[in-house]
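Structure first, commentary second.
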Amino acid sequence: MGTLKSILVGSALLTFTSLQASAQVEIQWWHAMSGANGDRIVKIANDFNASQSEFKVVPSFKGSYADTMNAGIAAFRAGGAPHILQVFEVGTATMMAAKGAIKPVHQLMAETGEPFDSKSYLPAVTGYYSTSKGDMLSFPFNSSTVVMWVNKDALKKAGVDKIPATWPETFDAATKLRAAGFDKCGVSTGWVTWVNIENFSAWHNQSLSTKANGLDGFDTEIAFNKSAAVVKHFENLVKYQKDKIYDYAGRTNEGEGRFTSGECPLFLTSSAFYGNVKANAKFDYTAAPMPYYPDVAGAPQNSIIGGASLWVMSGKPAAEYKGVAKFMTYLSSPAVQAWWSQETGYLPITPAAYEYSKKQGFFDKVPAAEIAIKEITNKEPTQNSRGLRLGNLVQIRDIWAEEIEQALTGKKPVQAALDAAAERGNQVLRQFERTAK
Amino acid sequence: MEKRSYFAGKLLPYALLMPQLLVTIVFFYVPAGQAVYQSFLLQDAFGMSTQFVWLENYQLLLSDPGYYQAMTVTAVFSVAVTTLSLSAALLLAVQADKSLRGAGIYKTLLIWPYAVAPVVAGVLWLFMFQPSLGMVAGGLRRMGVDWNPYLNSGDALTLVVLAAAWKEVSYNFLFFLAGLQAIPKSLIEAAAIDGARPTRRFWTIIFPLLSPTAFYLLTVNIVYVFFDTFGIIHAVTHGGPAGATTTLVYKVFNDGRAGGDLGGSAAQSVILMAIVIALTAVQFRFIERKVNY
């Protein structure tokens, strides 16, 4: 059986390589972008392939972010990892800890002699994907942050003439919206923990967890349950949930349709929701900065990113790494970056790309697109707003969401739920700390 | 004289058994063995560092209230799905067994859902019951029912039970129908002549004669609920809200794949395997005795 299999595989390989007679070096790129963004990925790859003849980037869609990461991990364990793997920001700590499995981007660029300056990227973005020494480990590809999407027609109908800037104003507006017929949902949030814990803490300069939210070490401990601002925010959410002035919309982005359908006029979620809103909203809309509590000193601080970065996997031949490095350079070029961010609502990752879009007058046409950049660069980041790096964050987010759901359904008091979220999260962190050594 | 074929030597019988044994070894014993081994390890997602931790994964698991919640959810879920799908299928099969016009069409239509993959079944039900998009959900809300499976654990569990049971009705229906058609008409006629009414005929003749089918289906359904409903749960609720639809097998997946905790996940699957083996053994030992063959 073994011989038969090897003959089959061998002949398949022979056919394959003979078809590839032109000897282009193939670069496998596994990504998680579906729908229109998936088509954009294919366009980027095709444009790169057309721009030179030596390398060929082959993008493959691998499902959701979690699916793609798991596919990459499984492929690595089986010895067949792709060259480039798109991993969402919550997988960052896991990837970083897997030292032998990845090739740090700064090292890749140095070894292949590609021109590369990590300072030419937005610090708020790269900080997330760099070591404490500032070495960039993965290539920031698609980054977004939380903004509040606003249905202006609905606000007009409810007699709210100013887009709410603070949380008290937001709840007021949502109460008026309810009276004006939006009784199923005044305000809501997608990605419940990313918006209400992770970005909320950064925006209010509250510590989410010790050791600069884990950036300074895996021995971090969750602290947001001790923040009066966070507790107060969740008490408000629970209070307003009763009358659907705030209405919970799920753990990820499954509730985003409630904004575009007009059901939920105020909706906090990713700035990259823009492409979808542009395509589907049949009302006058805009994006506004996240609301804040004015009585919290220092708020608003700056927001933190979500989205994904590109990790280069280890153990590939030098010739292939050369192609990967060339592709990274291509991706960072202002024209490509500006096009990608204008189409999708993701942040331009270099100041050069930002300027490029500005010069084209893009932000005059679509002011909503600039909100995200303004939020992320609002102030010099502090220990609490540089980013976060928690191991097994996917699992931890589920735990947090579970506890939030308990609080929102009245099964647990807010403080008890947040304490449990912290305690259970810490257990996962300790487990991760042991495997990451 | 008794005719009996026998094989000289031991080689041929083993050779004939080989394919089946190989399949069982490759697809059951090896993976099960790996799961048991993995459950003693603490490993990172990439398999770069491995520590042997003996029973620590099991200790952690058994001290986790979430695990007991998953057990309760699984118990409720499996009883609800099995009862619902078996009784609905039996009712439908008894009705379809009557001489009706177009019975063939009904039968075909009833069997169709079996061809639907669990995930697709889940998505179909989600389309109807999603709070903001679903037609049925919209109707419920207009009637004043505060339907929200994203937040209300009862609603979420109801939805996955309905989807899972609906999916399994076809299979059960098919077997019940075949079982019904195998019952000799003469028995039923004799009872009718003796004056037994349809209900009585059903409970004293048809149902006992169906019991081997029902028993087989019970076993298959339990296995289905334990393992195959995973796709439905993943598509509809992701195990939420607050773990209200996280069954044991979903927890295995979520902790292992999404959470990257392979050791804990392996420990869970070992326990799950033990539970299913025990359940099946109990079924065969105690329930089978009451079954008429």
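Which value, in Å², gives the accessible area per residue of chain A when a 1.4 Å probe is used on the protein heavy atoms? Present the calculation step by step, with values, prior to reporting the outcome.
Details: 16860 Å² over 437 residues.
For chain A, the solvent-accessible area averages 39 Å² per residue.
The residue list B:Asn152, B:Phe207, B:Phe52 was ranked by how far each Cα lies along the charge dipole of chain B toward its positive end, using unit charges on Cβ atoms, and B:Phe207 comes out on top. Here is how the number arises for the protein assembly as shown: DSSP H runs of 4 or more residues each give -39500 (n - 2.57), the sum is divided by the residue count, and the result at 222 nm is -16500 deg cm²/dmol.
Sorted by accessible area with a 1.4 angstrom probe, largest first, how do B:Val81, A:Val42 fall? Present the calculation step by step, with values, prior to reporting the outcome.
On the way: B:Val81 0, A:Val42 65 Å².
So the residues, ranked largest to smallest area, are A:Val42, B:Val81.
Quick one: angle between helix A:228-241 and the longest Cα principal axis of chain A, in degrees between 0 and 90, rounded to 10, please. It is inclined by approximately 70 degrees. For chain A, the alpha-carbon radius of gyration amounts to 1.02 times the rule-of-thumb value 2.2 N^0.38 Å expected for a compact globular protein.
Shown for chain B are the DSSP H helices of 20 Å or more along their axis, judged by Cα atoms, with a mean Kyte-Doolittle hydropathy of at least 1.6: B:262-282.
What share of Cα pairs, in percent, lie more than 25 angstrom apart in the range B:49-290? It would help to have the intermediate numbers written out before the result.
Details: 15387 of 29161 pairs.
Value for the range B:49-290 (Cα pairs over 25 Å): 53 percent.
Computed from Cα positions, the angle between helix A:2-19 and the longest principal axis of chain A comes to roughly 90 degrees. Across peptide B:258-265, the average count of Cβ atoms from other chains found within 10 Å of a residue's Cβ is 6.
Quantify how strongly other chains surround peptide A:246-255 by giving the mean number of their Cβ atoms within 10 Å of each of its Cβ atoms. Display every interim value, and only then the final one.
Working: counts 0, 5, 4, 5, 8, 5, 1, 0, 5, 4.
Taking the mean over all residues of the peptide, I get 4.
Counting pairs of Cα atoms in the range A:208-313, how many percent are more than 19 Å apart? Intermediate values should be presented prior to the final figure.
Details: 3456 of 5565 pairs.
I get 62 percent for the Cα pairs in the range A:208-313 exceeding 19 Å.
Principal axis extents of the C-alpha atoms in the protein assembly as shown (largest first, rounded to whole Å): 97, 71, 50.
Across the range B:49-290, C-alpha contacts under 8 Å between residues 6 or more apart give a mean separation that, scaled by the residue count, equals a relative contact order of 29 percent. Overall, the accessible surface of the range B:49-290 at a probe of 1.4 angstrom is composed of carbon and sulfur to the extent of 70 percent.
Here B:Tyr171 sits with roughly 40 square angstrom of accessible surface, probe radius 1.4 Å. Chains B and A together bury some 2900 Å² of accessible area, summed over both sides, with a 1.4 Å probe. Only protein heavy atoms count here; under a 1.4 Å probe, B:His234 has an accessible surface of about 60 Å². Modelled spin labels at A:Ala74 and B:Arg200, positioned 7 Å past Cα toward Cβ, are 5.9 nm from each other.
Legend: P(r) of the range A:303-366 from all alpha carbon pair distances, 5 Å bins from 0, whole percents, reading 4, 15, 23, 19, 15, 11, 8, 3, 2, 0.
Accessible area per residue (1.4 Å probe, heavy atoms of protein chains only) ranks A:Trp311, B:Trp125, A:Trp339 as A:Trp339, B:Trp125, A:Trp311, with the largest value leading. Excluding ligands, DNA and RNA, the accessible surface per residue across the range B:49-290 is 49 Å² with a 1.4 Å probe. Heavy-atom accessible area, probed at 1.4 angstrom with all protein chains present, ranks B:Arg197, A:Arg397 as B:Arg197, A:Arg397, highest first. Of interest is the spacing of the C-alpha centroids, which for the range B:128-160 and the range B:185-228 amounts to 35 Å. Using a Förster distance of 22 angstrom, determine the FRET efficiency expected from the C-beta separation of B:Gln51 and A:Gln427, and round it to 0.05. The calculated FRET efficiency here is 0.80.
Among the trypsin sites (Lys or Arg not before Pro) in the range A:182-253, those placed in a DSSP loop whose Cβ has at most 15 other Cβ atoms within 10 Å are A:Lys242. The orientation-averaged projection of the convex hull spanning the C-alpha atoms of the range B:87-144 amounts to 5.7 square nanometres. In a simple Cβ point-charge model (Lys, Arg +1; Asp, Glu -1; nothing else charged), the range B:49-290 has a dipole of about 920 debye relative to its Cα centre.
The values are calculated or read from the model by the stated rules, or taken from the named source; none is laboratory data. Everything numeric here is computed off the predicted structure, so don't read it as measured data. All Cβ positions, glycine included, derive from the backbone under ideal geometry; neighbour counts span all protein chains shown. Remember, those area values only see protein heavy atoms, side chains included, never the ligands or the DNA or RNA. Shrake-Rupley method; radii C 1.70, N 1.55, O 1.52, S 1.80 Å.
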